[in-house]
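The values are calculated or read from the model by the stated rules, or taken from the named source; none is laboratory data. Since the model is a prediction, treat every value here as computed from it, not as a measurement. All Cβ positions, glycine included, derive from the backbone under ideal geometry; neighbour counts span all protein chains shown. For accessibility, only protein heavy atoms count, side chains too; no ligands or nucleic acids. Shrake-Rupley method; radii C 1.70, N 1.55, O 1.52, S 1.80 Å.
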Amino acid sequence: MFSKLICALPFLSLTLAQNSVANNNYLGSTPFERHSVNHTQTLSIIEAAVEESLNLSIPVNIAVVDPSALLVGFLRVDNAYPGSIDIAQKKSRTVALFNGAFPSAGLYNSSQPGAALYAIEQTNGGLVVFGGGVPIFADGYFIGAVGVSGGTVDQDIQIATAGVNAVGSTT
Ligand SMILES: *[C@@H]1O[C@H](CO)[C@@H](O)[C@H](O)[C@H]1NC(C)=O
Ligand SMILES: *[C@@H]1O[C@H](CO)[C@@H](O)[C@H](O)[C@H]1NC(C)=O
Ligand SMILES: *[C@@H]1O[C@H](CO)[C@@H](O)[C@H](O)[C@H]1NC(C)=O
């Protein structure tokens with residue numbers, strides 16, 4: 001048993017070395033190579049959004065997700081509404097789940113009673129159909145989405161857009 005362990009160890013350390021964090025933690029590619037927002041971009045987005053939040057004197061929650069709608073970064077500006085934590089994340093998620101084809105506000109009209117997509121917000125574990133979720137495009141690719149919540153819809157959109165503009169564009 002002991003000799004088996006000794007034999008196994010070099011294999012184990014080789015496996016670990018091949019799959020180290022430096023070698024992309026088992027995935028073999030970086031978010032940048034996958035056209036997905038990376039952590040450096042996420043920090044820039046959040047920093048710009050915080051600046052705009054302070055400019056407008058409206059404390060907000062800021063969420064950044066990748067194209068699969070998975071969270072990459074989140075920040076709550078001091079005193080932003082706790083109830084907006086979930087809204088900010090669901091706004092970003094709503095945009096990502098439709099590949100950035102429209103901002104969250106793009107669903108507003110069609111989700112009203114009697115309209116074609118009525119109750120769409122009840123799908124996918126909860127969507128948000130008003131403004132404040134915007135796509136992030138860079139070099140022609142949809143790389144993720146930003147969701148902001150805490151101000152009026154117009155303020156949330158303005159803050160989210162300021163965040164996106166730090167690394168790309170919203171279209
Ligand atoms: C993150 O994305 C930026 C912008 O596309 C890129 O310049 C940078 O190299 C990326 N960082 C890593 C660690 O890949
Ligand atoms: C915040 O306001 C300053 C001063 O007016 C301006 O230079 C800066 O661009 C604003 N920030 C954002 C993110 O719009
Ligand atoms: C929603 O409807 C309003 C009023 O009819 C219109 O001004 C607005 O452009 C529409 N928004 C979208 C995203 O289609």
Report task. Run down 156, 139 and say which single residue is of a type in the set (Asp, Glu) and within 18 Å of residue 73 (Cβ to Cβ). Result -> 156
Report summary line: All conditions in (1) among the small types (Gly, Ala, Ser); (2) farther than 14 Å from residue 160 by Cβ; (3) at pLDDT 95 or above are true of residue 84 except (2)
**Report entry** Matching option when the condition is under 16 Å from residue 125 (Cα atoms) and either out of contact with any His (no Cβ under 8 Å at 6 or more places or on another chain) or assigned by TED's automatic domain parsing to the domain that holds residue 156 (or both), among 92, 53
**Finding:** 92
Query raised in the report: Which numbered condition trips up residue 64, out of (1) assigned to a strand (DSSP E or B); (2) open to solvent by 20 Å² or more (accessible area, probe 1.4 Å)?
Result: (2)
Report task. Considering only the stretch 39-74, state which residues are in contact (Cβ under 8 Å) with a residue 40 or more places away in the chain, more than 16 Å from ligand 1 (Cβ to nearest atom) and either farther than 14 Å from residue 85 by Cβ or out of contact with any strand residue (DSSP E or B) (no Cβ under 7 Å at 6 or more places or on another chain) (or both). Result -> 49, 51, 52, 53, 56, 58, 59, 69
Report task. Please verify whether the stretch 69-81 includes one or more residues that are under 23 Å from residue 33 (Cβ atoms) and over 11 Å from the mean Cα position of the chain (by Cα). Result -> no
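One line per residue, one yes/no per condition, for (1) out of contact with any strand residue (DSSP E or B) (no Cβ under 8 Å at 6 or more places or on another chain); (2) within 21 Å of residue 67 (Cβ to Cβ):
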| residue | (1), (2) |
| --- | --- |
| 84 | no, no |
| 107 | yes, yes |
| 129 | yes, yes |
| 141 | yes, yes |
| 149 | no, yes |
| 158 | yes, no |
| 165 | yes, yes |
